Amino acid sequence: MLFSRLRCGGVARTVFVGTLLSGTAAAAEDSAEEENRAEEDEGPVELIIVTAEKREQPLQDVPLAVSSFGSEDLQRLVVNETVDIGKYVPGLEFYSTTGGNNRGVGYVRGIGQWDPHPANSSRVPMYLDGVYVGNQTGLNGTLHDIERVEVLRGPQGTLYGRNTIGGAINVISRKPTNEPGALIEVRGGEQGYFETRGHLNGPLAGEALAGRLTFQRAVRDALVKNAYEPGDDSENLDRWSMRASLRWLPPDSELVADFVFEHIEFDEADSADRLGAVLNSGWVARGFLPRTVELGPSRPGDPFFNSDRAPNGSPFHSDLTVDFHALSVGWDVTPDVVLKSITGWRVMDMANMNDVDGTEARVFSAGTHVTHEQIYQELQSVGTAFGGALDYTAGATFFNEKFETDQDNFFLASPVNRGRRVDGDNDALGVYGQASLHASPRLTLTTGARYTEETKKHFVELFTNGDTGDFRTDFDNFSPMFRANWNWSDSVMTYLGWSRGYQAGGFPARPPATSRAFLVPYDEEIVSAWDAGVKAQFLDRRVQLNVAGYYYDHKDQQISNYIAAANGFTIDNAGRSRIRGIEAELRASPTHSLDLMVNAAWNKGKFLQYTQTDPVTGRDVDVSEARVHIRSPRRMFSGSARYSFPVTAASELSATLSFRYTSAQYSNANPNAPAVRSYSPNSRTLWDLRLQLDDALGREGMWFAFVGQNTSDKEHITFGIDVSSLGWTMARWGPPRLFWAEFGMRFGQAR
């Protein structure tokens, strides 16, 4: 296929040709745009404002690969949870790992962190109301009362810092206003699904103080029934959350302060991990793995051959509690200078135990108890100088996290715990600056840099033999960036940039539990990234097209390797790898009744230098040809079509059909094994549907909706772990087709 034959030169040619076509079309429309600019600003493609570069800008003016979705987009595209963000962002894979539904992990352009253990900082971190979240556990909650979600693709080392080597995800909640209002929404559907969500908003002390209270509660029966121990079922929902927000606007002041408190609780069963393949017939002969094991996907009501408890007596479960606080204070010192302080505090407690082999036999049970506490502080100065000729952003950040983890592992019904305890205390300091010089009405030159210092301190105890050890590593890094963008017209812009991304090193989060010899630190990794792109709008701004190409030189990439005999992971630094690709986003409104969205992404990664030490011979072996990038599908396509029309003088009916295609990929930490090649997630296309009647029964603000996820009932794998060296593979299947109905009502000025 065409995408398979593309090379780096092909990516460059594609972006270059797109630039020429965009420039030619823009030149033809230039005079009309000058005369009708005011009307075009009200064009049918929605004007999206983002804060990707720490200041408010129209999306089309940001010379970066950024995708943004407002609250209405999230609703019509059936984006209910954090994991759903990846549905319609080109190049983004977002999924839940094993052990429950509370740990969301993201990969952008083939770069991410597959293990959500707090010792492994995410390469695609999430920012909640400006606060960096250092741990991926607890991120996979419900997205409700959200103003917008922004996904920045590519290294964001300057403005966002270390551990944004793949990208960054900004989630911005709605802020309180002085307009009284309320919203209530009720959902009900298959498998006992029931959910209610809503909010209250209004003034608390005149115009100076406003408040907002948001709530959500969701339950659903288990999709998978436990035939071995009735009642201990899997893949259910039992969660609730609330968010309280305050906005303070002192009279006669240029100050604004926003405070957010959020509480989240999950009280759910473990995920239905299924046995993928039994590779060692000896397991069957010895009676450890039964021949009757169910190898298919998790379906509603499907029996699940699962042990009732782990050998230590712990039931299989997945529980989570999160408390999150964020305080943001902004001060308009002058019309051209804004100072801002962002303070965040987050506490998380998670406990889970799951049956990794997915059978009634007690072959492999694994669990984790994690406590994590973090403090984040950022100071910003955002301004304009020299009469608007220079835009700048400068700031400093401080981050501290403390965590304690007990990792339990039990094999072959033995009560011996082959796990470990890993505690950590990490600090990171950073200073950054970025400046954009508007050299001419069309040319803007941008440069920036960040300097980072961090310290990681870990304590490790191996439960098998009682070995302990204290470890400390220190890192520092300087990450610069350069970019130029050219405005061909008011509606067409191209850009070219180079940046450096940085990920600190450390110690393995899940080291082999049998010997201190495996407690070997790993080095930092660096990405040197070239990005080029086109952003354009045509046909009276009814069509919006954004194209981006990229080339990454990835050095010392951190790779996890499972050592079966010692039950644990080591982390190597691959010498060098290369990633290249191209992405396109198209949004169009041919008529006022029809909205279209189409996204495409092509990505290819290859290891160029990677040596490992053979455990038998002790020699270094070149494995660069054998290793592959995980969570890195070659091709991704997604899109939606929304058509709306009036059904009465007051009511409107809309229908949205959405899809996402993902080609085959490798999904786990050891993708070398031939067995895993056939058991990695295959290519798949998933369809979602939403039918909605707005202003129903002539009542403004009332709506009814019928919603379907995975409407074609596609069987698909979302996550897998290769333990083929132990004799089997494990996989987690995505949810089946699910339908539900919605009723909602807005009161007052609710939004």
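Please compute P(r) over all alpha-carbon pairs of segment 369-417, binned at 10 Å starting from zero, and give each bin as a whole-number percent.
18, 21, 19, 15, 12, 9, 5, 1
How much length is gained if the chain between Ser381 and Leu339 is pulled fully straight, taking 0.36 nm per residue apart and subtracting their Cα-Cα distance, in nm to one decimal?
14.7 nm
Can you give me the angle between helix 8-35 and the longest principal axis of the chain, using Cα atoms only, in degrees from 0 to 90, rounded to the nearest 10?
Long axis of 8-35 versus the principal axis of the chain: about 20 degrees.
Expected output is a single nm value to one decimal: the length gained when fully extending between Ala394 and Trp498, i.e. 0.36 nm times separation in residues minus the C-alpha distance. What is it?
Length difference between fully extended and current span is 35.5 nm.
Over 27 Å between C-alpha atoms is what I'm after, so list which of Lys402/Lys606; Lys87/Lys604; Lys87/Lys555; Lys54/Lys175; Lys54/Lys457 land there.
Check vs 27 Å cut-off fails for Lys402/Lys606; Lys87/Lys555; Lys54/Lys457.
Cα to Cα, under 24 Å, and not fewer than 8 places away if on the same chain: which lysines meet these conditions relative to Lys225?
Reachable lysines: Lys714.
Can you give me the pair-distance distribution of segment 450-545, C-alpha pairs, 10 Å bins, whole percents?
Reading upward from the zero bin: 13, 26, 19, 16, 13, 9, 4, 0.
Could you rank the peptides 330-342, 85-97 by their average count of other C-beta atoms within 10 Å per residue, with the highest value first?
So the order, starting with the most tightly packed, is 85-97, 330-342.
In Å², and per residue, what accessible area does segment 372-488 have when probed at 1.4 Å with the other protein chains present?
Dividing the accessible area of segment 372-488 by its residue count gives 44 Å².
According to a simple spin-label model (label point 7 Å from Cα along Cα-to-Cβ), what is the distance in nm between Phe706 and Asn465?
For the pair Asn465/Phe706, the computed spacing is 6.4 nm.
Determine, for each peptide in 189-201, 166-178, the mean count of other beta carbons within 10 angstrom over its residues, then list the peptides with the highest first.
My ranking of the peptides, most packed first, is 166-178, 189-201.
For segment 427-485, how big is the tail of P(r) above 15 Å, as a whole percent of Cα pairs?
66 percent
Taking all protein chains as present, what is the carbon and sulfur share of the accessible area of segment 335-452, in % to the nearest whole number, probe 1.4 Å?
Looking at segment 335-452 in its full context, I get 65 percent from C and S.
I need to check one value: relative contact order of the chain, counting alpha carbon pairs closer than 8 Å and at least 6 residues apart, in percent.
12 percent
Share of Cα-Cα pairs in segment 44-163 beyond 22 Å, in percent?
Tail fraction, whole percent: 32.
So what is the accessible area of segment 181-228 per residue, in Å², with the probe set to 1.4 Å?
Heavy-atom accessible area per residue stands at 41 Å².
For volume of the Cα convex hull per residue in Å³, one of [x] 201; [y] 157; [z] 183 was computed from the structure I shared and the rest are decoys. Which label?
It is the one labelled [y].
If you count only protein heavy atoms with a 1.4 Å probe, what accessible area per residue comes out for segment 500-540, rounded to a whole Å²?
Value for segment 500-540: 33 Å² per residue.
Rounded to the nearest percent, how much of the accessible area of segment 511-657 (1.4 Å probe, protein heavy atoms only) is carbon and sulfur?
In segment 511-657, the share of accessible area belonging to carbon and sulfur is 56 percent.
In segment 133-240, carbon and sulfur make up what percent of the accessible area (probe 1.4 Å)?
56 percent
By per-residue mean of other Cβ atoms within 10 Å, what is the highest-first order of 115-126, 244-255, 709-720?
Ranked from most to least packed, the peptides come out as 115-126, 709-720, 244-255.
Per residue of the chain, what 222 nm ellipticity follows from adding -39500 (n - 2.57) for every DSSP H run with n ≥ 4, rounded to the nearest 500?
Calculated at 222 nm, the ellipticity per residue is -2000 deg cm²/dmol.
The values are calculated or read from the model by the stated rules, or taken from the named source; none is laboratory data. None of these values were measured; they are calculated from a predicted model. With ideal geometry, Cβ positions are generated from the backbone for all residues, glycine too; neighbour counts draw on all protein chains shown. Accessible surface areas use protein heavy atoms only, side chains included; no ligands, DNA or RNA. Shrake-Rupley method; radii C 1.70, N 1.55, O 1.52, S 1.80 Å.
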